[in-house]
Amino acid sequence: MAKKTKFDFPINKLSENRWSPRAFTNKAVEKEKLNSVFEAARWSASAFNAQPWRFLVGYQGDDNYRKIFDSLAEFNQLWAGKAPVLILNCYQIYFSHNKKPNQTAQYDLGQAVAHYSLEAVNQGLYTHQMSGFDVDKANESFGLGKEITAFSVTALGYLGDIKSLPEDMQKMENTERIRMTQAEFLL
Ligand SMILES: Cc1cc2nc3c(=O)[nH]c(=O)nc-3n(C[C@H](O)[C@H](O)[C@H](O)COP(=O)(O)O)c2cc1C
């Protein structure tokens, strides 16, 4: 379901239909669809083509899912546990070729996540990114932190019934999406 949004200019359908819901059904996501989601991430651009993104995928009921869920902030735990897939978005801290810190790794990870989020829409799925989680806790539970570190979490799945959410969250789910005008960010 596309959320009602007022665009000032026409844009592509995937960007038009992407938004970040909190109500997910727990219907499992088909493997082929997830393959396409991560294929879009795979073909994202990156500095030196270093491809520093790394993803840990949790499927509802498995160990990865539990660890990712446990790292989430309280507010996010109120809704994200319905999503059938939780992804821990991580990046490689150093370049493989010279072991120097990769200054654009976070930027490249963000692009990869943006690409897979749009592919998710293409597959009839929705994503909701979260920075509200404990990075150290996630790193520790997956043995990360030295070469690869967690950066954000994404809930992914099919859109669910708003009524499954706590009441105050139901209101947030219905609000119109708002943005600055282009004049405000075109400096
Ligand atoms: C890096 C990042 C971190 C975010 N963290 C959270 C979060 O912790 N909890 C949450 O409910 N939403 C989170 N969001 C979702 C944003 O609030 C949402 O993308 C924004 O309000 C715009 O709405 P839209 O994605 O529906 O267009 C995050 C989004 C991004 C990109």
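The values are calculated or read from the model by the stated rules, or taken from the named source; none is laboratory data. Because the structure is a prediction, the values reported are computed rather than measured. FYI the Cβ positions are ideal-geometry reconstructions off the backbone, even for glycines, and counts take in every protein chain you see.
Quick rundown of the values:
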{"quantity": "Residue satisfying all of: in the range 80-89; in contact (Cβ under 8 Å) with a residue 40 or more places away in the chain and outside any helix (DSSP H, G or I); farthest from S46 (Cα to Cα) among these", "calculated": "K82"}
{"quantity": "Among the residues listed as Q77, Q60, Q92, the single one being within 16 Å of the ligand (Cβ to nearest atom) and either surrounded by fewer than 19 Cβ atoms within 10 Å (Cβ to Cβ) or free of Cβ contacts under 8 Å to residues at least 60 places away in the same chain (or both)", "calculated": "Q77"}
{"quantity": "Every residue from the range 41-53 that is buried (at least 19 other Cβ atoms within 10 Å of the Cβ) and not in a loop (DSSP other than H, G, I, E, B)", "calculated": "A41, W53"}
{"quantity": "Any pair with Cβ under 8 angstrom, 6 or more apart, that starts in the range 12-24 at a residue that is in a helix (DSSP H, G or I) and ends at one that is of a type in the set (G, A, S) and at pLDDT below 95", "calculated": "E16/A2; N17/A2"}
{"quantity": "Number of the condition not met by M1 [criteria: (1) of a type in the set (A, V, I, L, M); (2) farther than 19 Å from K137 by Cα; (3) modelled with pLDDT of 95 or more]", "calculated": "(3)"}
{"quantity": "Residue match in the range 160-168 (condition: at pLDDT 95 or above and touching a Pro at 6+ places or on another chain (Cβ under 6 Å))", "calculated": "no"}
{"quantity": "Checking P21 against (1) farther than 22 Å from E173 by Cα; (2) within 16 Å of the ligand (Cβ to nearest atom), the condition it does not meet", "calculated": "(1)"}
